[in-house]
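*Asks:* Let me begin by handing over the structure; questions about it come next.
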Amino acid sequence: MLNSWVVVPTCLPAVLRRCHTCGSERFRANGKFRVNANHKLLDAWLLVLCTSCGETAKLTVLERANVRSVRPELLDRMHDNDRSLAAELLQDPVLRRRNRVALDWGGAWRLDTGGSVHLGGEAVDVAVRFAARIPVRPVRLIAEGFGLPRAEVERLLADGRLVSADRLSGRLSGDFTFVLKR
C-alpha cells in the first residue's frame, strides 16, 4: 500500500539579505507590494521588513515595464497585496537572482502524513509530494514522518533497508518515493 505525504508551507519563508541599517541578515515578507507609474512605464516591488530594526527593503518585481506588457490580473493582484502572489514570486529563481537574495524555510513548512504510518509491516511505500519548492533533507522528513531519530534513519539508509530511486542525502525540493523495509 502506498502512503502519501505532503510537505506544505505554513507561512512565507524568511528572506536572507543584509540590512543596510543594522547589518542583520533576515527579512520577512508580509505580502505588501509597491507599484509606481511614470507615464507609460511601471515599477513594482515586493516589500520586506528587517526582523531586527523593521527597516523596509524592496525586491524588484518589475522595472521600467511598459504598461501594456503587464497582465492586468498581475497588476490587480499587486494592488490588492495578494500574499499568494508574494509566495509565487519568492519561489521564482529569476527574481531571487536579480535581487541577490536567498530563502530560509526553517519553521515555514510542515509534513502532512495523512494519519499514522505503521512500521509493523514487511515494507512501507511512501510517496512524498511538495506543495511548494521547499528544500528539505529527505532524512529529516523520513525521521519526522515515522517518529524516528535521524541517526536511526541514517543507519537504515546505510544498511540498505531504506531504498529510493532518488538520492536521499543532501536536500530535495521535488517529489520522490522511498521504501522502508523492516
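*Asks:* Just checking, how many residues over the stretch 138-171 are open to solvent by 40 Å² or more (accessible area, probe 1.4 Å) and either touching a Leu at 6+ places or on another chain (Cβ under 6 Å) or not in a loop (DSSP other than H, G, I, E, B) (or both)?
*Replies:* 11
*Asks:* Something else about it: Residue by residue through the stretch 172-182, note down the ones that are surrounded by 14 or more Cβ atoms within 10 Å (Cβ to Cβ) and over 16 Å from residue 127 (Cβ atoms).
*Replies:* Matches in the stretch 172-182: none.
*Asks:* Report, by residue number, each residue of the stretch 1-40 that is farther than 25 Å from residue 109 by Cβ and surrounded by 14 or more Cβ atoms within 10 Å (Cβ to Cβ).
*Replies:* 34, 35
*Asks:* For the stretch 1-13, which residues satisfy the criterion of being within 10 Å of the chain's Cα centre (by Cα) and within 18 Å of residue 137 (Cα to Cα)? Don't jump to the end; show me each part of the working.
*Replies:* Within the stretch 1-13, the subset within 10 Å of the chain's Cα centre (by Cα) is 7-13.
Within the stretch 1-13, 7, 8, 9, 10, 13 meet the criteria.
*Asks:* Moving on. For residues that are under 15 Å from the mean Cα position of the chain (by Cα) and open to solvent by 70 Å² or more (accessible area, probe 1.4 Å), scanning just the stretch 61-92, find the one that is nearest to residue 50 (Cα to Cα). Walk me through how you get there before you give the answer.
*Replies:* Our first condition is that a residue be under 15 Å from the mean Cα position of the chain (by Cα); within the stretch 61-92, this holds for 83-92.
Restricting the remaining residues to those that are open to solvent by 70 Å² or more (accessible area, probe 1.4 Å) gives 83, 88.
On the way: 83: 18, 88: 20 Å.
For the stretch 61-92, the residue satisfying everything is 83.
*Asks:* Let me ask another. Failed condition for residue 133, given (1) modelled with pLDDT of 90 or more; (2) surrounded by 12 or more Cβ atoms within 10 Å (Cβ to Cβ); (3) under 22 Å from the mean Cα position of the chain (by Cα); (4) not small (Gly, Ala, Ser), with all others met?
*Replies:* Every condition holds for residue 133 apart from (1).
*Asks:* Here is a follow-up. Checking the conditions here, which among 140, 98 is closer than 30 Å to residue 43 by Cβ, among the charged types (D, E, K, R) and within 21 Å of the chain's Cα centre (by Cα)?
*Replies:* 98
*Asks:* Let me ask another. If you go through the stretch 100-124 one residue at a time, how many are open to solvent by less than 60 Å² (accessible area, probe 1.4 Å), at pLDDT 90 or above and more than 20 Å from residue 9 (Cβ to Cβ)?
*Replies:* 0
*Asks:* Continuing with this model, one more query. Just checking, how many residues over the stretch 58-101 are closer than 20 Å to residue 30 by Cβ and not aliphatic (A, V, I, L, M)?
*Replies:* Selection size over the stretch 58-101: 15.
The values are calculated or read from the model by the stated rules, or taken from the named source; none is laboratory data. Please read these numbers as outputs of a predicted model, since none were measured by experiment. Counting neighbours? That spans all protein chains shown, and the Cβs are built from the backbone with ideal geometry, glycine included. Surface accessibility is based on the protein's heavy atoms, side chains included, excluding ligands, DNA and RNA. Shrake-Rupley method; radii C 1.70, N 1.55, O 1.52, S 1.80 Å.
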